[in-house]
Amino acid sequence: MNNNIAKYLVYYPIQILRGERVKEYIPQVSPVERFTPAEINTIQEEKLRKIVTHACKNIPYYSDLFAANSIKPEDIRCYSDLERIPVLTKRTILDNEEKLINPSFTGKMRIRKTGGSTGMTLHFKKEQDATALNDAIMYRCYSWYGIDIGDKQARFWGVPVTAKLRWKEQLKDFILNRIRISAFDISESACMEQYERIKKFKPDYFYGYTTAIYGFCLFMDKLGIDLNSLGLKAVICTAEKMYDHHTLLFKKVFKCPVVDEYGSTENGILAFQCSQGNMHLMADHMCVEFLDENDRQVRPGELGRIVVTDLASYAMPLLRYDIGDMGRPSDKTCSCGINLPLMEIVEGRKEDFIRTKEGKLIHAAYLCYTLKDDTVHEFKMYQKDIDTLHVQIVKAPSFSAESEAQLDRKLRTALGDGIKITFQYLERIPREVSGKLRYFVSEIRANNVGER
């Protein structure tokens with residue numbers, strides 16, 4: 001589809017029908033990145049006071065929490081005052097979903113569900129203004145690399161398991177002028193087939209899981225295929241930390257910028273990499289804290305847990321939400337001209353590949369799609385050897401006698417019938433030493449992906 005047709009005749013009209021004012025928000029958010037740090041801080045503090053006051057008055061969970069901890073909305077005036085509010089965990093959200101929703105909200109809400117890298121299925125709701133603002137922030141970041149609404153995207157992403165969900169994603173891909181490159185099958189034959197699709201589609205940029213793009217590039221490099229002939233504006237890697245072996249290969253096969261995006265389904269983009277290689281926080285849209293083991297904010301340069309307060313979500317506000325990643329705040333300035341503050345991601349979401357006896361590499365994000373199920377609260381999978389996968393599950397109340405068989409069938413859709421799949425049911429999935437729950441662990445040592 002022509003880029004202008006995609007933007008003006010498809011995307012904008014559909015957003016208007018959905019009641020999402022993306023077109024209106026873009027000129028509002030775009031200039032903010034050039035404001036002075038003091039001006040950006042003022043915007044953040046004004047929004048923080050407003051969301052905290054709203055949460056205390058309108059959200060049952062926060063009304064109870066503030067009363068129990070003797071907190072008044074006027075106590076929270078700035079970023080440092082956030083320490084007064086207890087940190088919100090995924091488990092707390094699961095246990096208090098209804099109490100976290102504004103009971104008097106009458107507008108439309110978008111309901112989303114994510115398993116994320118923590119392996120815990122989380123439901124949350126956002127009003128249309130919040131989702132529209134998320135998109136406006138996203139396109140603000142993409143504009144740093146000349147990418148506009150309607151530009152063609154080759155998306156290295158998950159493919160839903162069921163036909164109904166696949167149809168929905170295909171419709172969304174059409175509206176957003178993109179093709180989907182399956183992250184679940186990274187093999188030489190699949191990559192060649194996808195490369196032919198990409199050449200025909202002529203994308204303006206790549207977007208997707210870091211390791212999915214990396215796996216694709218491995219085979220393209222092996223086959224001597226020049227990806228620069230595609231004329232990409234940029235390659236945007238998301239959902240996973242970009243490690244040195246990724247960067248080395250990307251520099252070899254791409255002449256365009258390769259950009260790191262850091263965000264979550266719950267919050268949208270949290271930080272985005274500029275032309276100087278620095279990660280800028282969306283401070284006009286979020287409060288991002290870095291906390292030690294005692295939930296105290298660390299100093300610049302120190303390692304801390306990343307905790308987020310979305311300043312625009314009023315239907316279901318999440319104050320001080322621990323997203324389970326690690327990073328370092330920075331007090332440095334950037335020469336790119338963007339004045340949004342900086343951070344350094346130390347431990348983003350880690351993905352891996354599932355390996356099969358046939359030599360296929362299947363992106364571990366398949367687990368999120370397969371086990372992102374109303375019958376499962378938490379999950380974790382171990383690939384013990386090439387023939388065996390072990391799945392740990394914390395059941396949701398809706399888990400039934402048929403649930404295990406259904407999960408088994410979904411997994412075998414990608415992994416094949418020859419693999420042995422075992423299930424173990426626990427009250428709680430054991431965490432890593434860091435306290436984080438990794439949803440996939442490969443115990444296969446030989447020929448690991450990424451070793452060069």
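The values are calculated or read from the model by the stated rules, or taken from the named source; none is laboratory data. Please read all numbers here as calculations on a predicted model, not as lab measurements. Cβ: placed from backbone, ideal geometry, glycine included. Neighbour counts: every protein chain shown.
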Residues of region 1-13 satisfying the condition of being surrounded by 13 or more Cβ atoms within 10 Å (Cβ to Cβ), touching a residue at least 60 places away in the same chain (Cβ under 8 Å) and either closer than 25 Å to Leu318 by Cα or among the aliphatic types (A, V, I, L, M) (or both) = Met1, Ala6, Val10
Would a scan of region 392-408 turn up a residue that is assigned to a loop (DSSP other than H, G, I, E, B) and modelled with pLDDT under 80?
-> no
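How many residues does region 351-381 hold that are surrounded by fewer than 18 Cβ atoms within 10 Å (Cβ to Cβ) and at pLDDT 85 or above?
Residues of region 351-381 that are surrounded by fewer than 18 Cβ atoms within 10 Å (Cβ to Cβ), as a first pass: 357-359, 374.
Okay, now just the ones that are also at pLDDT 85 or above, so none.
Number of matching residues: 0.
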What pairs come up if the first residue lies in region 392-415 and is without any contact (Cβ under 8 Å) to a residue 40 or more places away in the chain and within 14 Å of Lys380 (Cα to Cα), the second is assigned to a helix (DSSP H, G or I) and of a type in the set (Asp, Glu), and their beta carbons are under 9 Å apart, counting only those six or more places apart or on different chains?
-> Ile393/Glu404
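Restricting attention to region 16-30, does a residue exist that is closer than 19 Å to Gly268 by Cα, in contact with a strand residue (DSSP E or B) (Cβ under 7 Å, 6 or more places away or on another chain) and assigned to a loop (DSSP other than H, G, I, E, B)?
Step one: filter region 16-30 for residues closer than 19 Å to Gly268 by Cα, giving 18-30.
Next cut, in contact with a strand residue (DSSP E or B) (Cβ under 7 Å, 6 or more places away or on another chain) only: none.
For region 16-30, residues closer than 19 Å to Gly268 by Cα, in contact with a strand residue (DSSP E or B) (Cβ under 7 Å, 6 or more places away or on another chain) and assigned to a loop (DSSP other than H, G, I, E, B): absent.
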Hey, Ser104 exposed (fewer than 14 other Cβ atoms within 10 Å of the Cβ) and outside any strand (DSSP E or B) or not | yes
Set Lys126, Lys113: member being under 27 Å from Ile43 (Cα atoms), touching a residue at least 60 places away in the same chain (Cβ under 8 Å) and in a strand (DSSP E or B) = Lys126
Matching residues in region 220-248 - criterion: being in contact with a strand residue (DSSP E or B) (Cβ under 8 Å, 6 or more places away or on another chain) and either assigned to a helix (DSSP H, G or I) or not aliphatic (A, V, I, L, M) (or both) | Lys233, Cys237, Thr238, Glu240, Lys241, His246, Thr247
Contact list, first residue from region 157-178 and more than 21 Å from Val235 (Cβ to Cβ), second anywhere and modelled with pLDDT under 80 and not in a loop (DSSP other than H, G, I, E, B), beta-carbon distance below 7 Å, six or more apart or interchain, is Pro160/Tyr369; Val161/Tyr369; Val161/Thr370
Yes or no: Ser182 over 29 Å from Cys274 (Cβ atoms), among the small types (Gly, Ala, Ser) and surrounded by 14 or more Cβ atoms within 10 Å (Cβ to Cβ)?
-> yes
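Mind checking whether some residue in region 91-109 is under 24 Å from Ala183 (Cβ atoms) and not β-branched (Val, Ile, Thr)? Break it down into steps so the answer makes sense when it comes.
Of the residues in region 91-109, the ones under 24 Å from Ala183 (Cβ atoms) are none.
For region 91-109, residues under 24 Å from Ala183 (Cβ atoms) and not β-branched (Val, Ile, Thr): absent.
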Counting only residues that are modelled with pLDDT of 95 or more and either crowded, with 21+ Cβ neighbours inside 10 Å or out of contact with any Ser or Thr (no Cβ under 9 Å at 6 or more places or on another chain) (or both), how many does region 263-276 have?
-> 7
Could you run through region 166-181 and say how many residues are within 19 Å of Lys410 (Cβ to Cβ) and touching a Lys or Arg at 6+ places or on another chain (Cβ under 6 Å)?
-> 1
Listed by first then second residue, the pairs whose first member lies in region 91-109 and is within 16 Å of Lys57 (Cβ to Cβ), whose partner is among the acidic types (Asp, Glu) and buried (at least 16 other Cβ atoms within 10 Å of the Cβ), with beta carbons under 8 Å and at least 6 positions apart or on separate chains, are Phe105/Glu127
In region 268-306, which residues are more than 20 Å from Asn41 (Cβ to Cβ), small (Gly, Ala, Ser) and not in a loop (DSSP other than H, G, I, E, B)?
-> Gly268
Set Phe184, Phe216: member being within 25 Å of the chain's Cα centre (by Cα), within 28 Å of Lys410 (Cβ to Cβ) and part of a loop (DSSP other than H, G, I, E, B) | Phe184
Screening Gly116, Gly146 for residues that are small (Gly, Ala, Ser), at pLDDT below 95 and not assigned by TED's automatic domain parsing to the domain that holds Ile429 leaves only Gly116
